[in-house]
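Down below is the structure, laid out as structure tokens.
The values are calculated or read from the model by the stated rules, or taken from the named source; none is laboratory data. What you see is a predicted model, and the numbers here were worked out from it, not measured in a lab. All Cβ positions, glycine included, derive from the backbone under ideal geometry; neighbour counts span all protein chains shown. Remember, those area values only see protein heavy atoms, side chains included, never the ligands or the DNA or RNA. Shrake-Rupley method; radii C 1.70, N 1.55, O 1.52, S 1.80 Å.
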Amino acid sequence: MQDASFVSITIRFRTNSHSPILTLHMPDKTRCSWATTSAMIAYHDTEWGVPQHDDQILFEFLILEGAQAGLSWSTILAKREAYRKAFSSFDPAKVARYKAERIKRLMNDPGIVRNRLKIESAVRNARAFLEVQKEFGSFDRYIWQFAGGRPIQNSWRGSKNLPAETKESTAMSKDLKRRGFNFVGPTVCYAFMQAVGMVNDHWVSCFRHAPVARLR
């Protein structure tokens, strides 16, 4: 069931310095229930599900979603700025040129997930990303074909039936792997699709569902 956020309003009666304090808890915006911390709420309210067509942003989410594999998104979100510094602001052309020495330094960076396979995967994916750009003109043009060129609009009323993967994310995963990408299983691909707005998975009772549905 959908959770609602609450705000507290404190009222002090002006009778004397010892006047009672009344605190009212009033409902704030209704959100998808996973948005529980200030960082997750900000991400949910401003980014999640918003259609993205900038190649560098798409590359950022591709790397971050791969880094999340086996972890929580809140963990990766807390490390996001460190990732931006570590991976050249997610410039795929720069990341694609990383050599063994740079990878070694990244393995010692406490701000990111120090998993060698994930770090090496980011470099490998950057190189594959550039190849896709050459073939299609942009990664955006390539990746959005898996959603039919426009956001898929869902109408979930809770998390019970929310899928971990779909036929679209499975097709995306299969093609990305064929092109040399790594850490792009169907579940990672679906999380990517949700993040970059290829699907609108805000619950229908969430205040962001309708505004996001109008975006392309």
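Here the convex hull built on the C-alpha positions of the range 31-158 has a volume of 116 cubic angstrom per residue.
Just the accessible area per residue of the chain, please: how many Å² with a 1.4 Å probe? Provide the component values of the computation, followed by the final result.
Values: 11520 Å² over 216 residues.
Averaged over the residues of the chain, the accessible area is 53 Å².
Database remark: amide H of I152 closer than 5 angstrom to the amide H of V199, N200 (H placed geometrically; neighbours at sequence offset of 5 or more, or on other chains; Pro and chain starts carry no H).
For the range 37-67 versus the range 122-139, the spacing of their alpha-carbon centroids is 19 Å. In the range 73-156, a dipole from Cβ-located charges (positive for Lys and Arg, negative for Asp and Glu) runs towards its positive end, and of Y83, A100, G148 it is A100 whose Cα lies farthest in that direction. Helix 116-136 and the longest principal axis of the C-alpha atoms of the chain enclose an angle of approximately 70°.
How much length is gained on full extension from L162 to L130, taking 0.36 nm per residue of separation minus their Cα-Cα distance? Extra length from L162 to L130 when fully extended: 8.3 nm.
Trypsin sites (Lys or Arg not before Pro), restricted to the range 69-132: which are DSSP loop and have at most 16 other Cβ atoms within 10 Å? Before the final figure, lay out each step's value.
Numbers: sites: K79, R80, R84, K85, K94, R97, K99, R102, K104, R105, R114, R116, K118, R124, R127; in loops: K79, R97, K99, R114.
Hits after loop and neighbour filter: R97, K99, R114.
Only four residue types carry charge here, +1 at the Cβ of Lys and Arg and -1 at the Cβ of Asp and Glu. Report the dipole size of the chain about the Cα centre in Debye, rounded to the nearest 20. Present the calculation step by step, with values, prior to reporting the outcome.
Working: 32 positive and 20 negative charges, 82 e Å.
Around 400 debye, computed over the chain.
Taking Lys and Arg as +1 and Asp and Glu as -1, the other residues whose beta-carbon sits under 14 Å from that of I152 total 0. What's the FRET efficiency of V204 with K99 using the Cβ-Cβ distance as r and R₀ = 45 Å, to the nearest 0.05? The computed FRET efficiency comes out at 0.40. Near the amide H of D28, within less than 5 Å, lie the amide hydrogens of S5, F6, V7, all on another chain or at least 5 residues away, with H placed in the peptide plane.
Of all lysines in the structure, the ones whose alpha carbon falls short of 23 Å from that of K174, not counting any fewer than 8 places away in one chain, are K118, K134.
For every helix of n ≥ 4 consecutive DSSP H residues, a contribution of -39,500 (n - 2.57) applies; sum these over the chain, divide by its total residues, and give [θ] at 222 nm rounded to the nearest 500 deg cm²/dmol. Write down the numbers at each step before the final one.
Details: 11 runs with 101 residues, N = 216.
Using -39500 (n - 2.57) per qualifying helix, the result is -13500 deg cm²/dmol.
If the chain linking V50 and K29 were pulled fully straight, counting 0.36 nm for each residue of separation and taking away their Cα-Cα distance, it would gain 5.8 nm. The portion of the accessible surface of the range 77-206 made up by carbon and sulfur, rounded to a whole percent, is 49 (1.4 Å probe; DNA, RNA and ligands excluded). Here K85 is the anchor, and the aspartates and glutamates within straight C-alpha reach of less than 13 Å, apart from those fewer than 8 places off in the same chain, are E60, D109. The three principal axes of the Cα atoms in the chain give end-to-end lengths of 72, 40, 27 Å, sorted in falling order. Taking label positions 7 Å along the Cα-Cβ direction at both R141 and R179, the computed distance is 1.2 nm, reported to one decimal.
Along the range 147-156 the Karplus relation, 6.51 cos²θ - 1.76 cosθ + 1.60 evaluated at θ = phi - 60°, assigns HN-Hα couplings of 10, x, x, 8, x, 7, 9, 9, 9, 6 Hz to successive residues, with x for each Gly and Pro.
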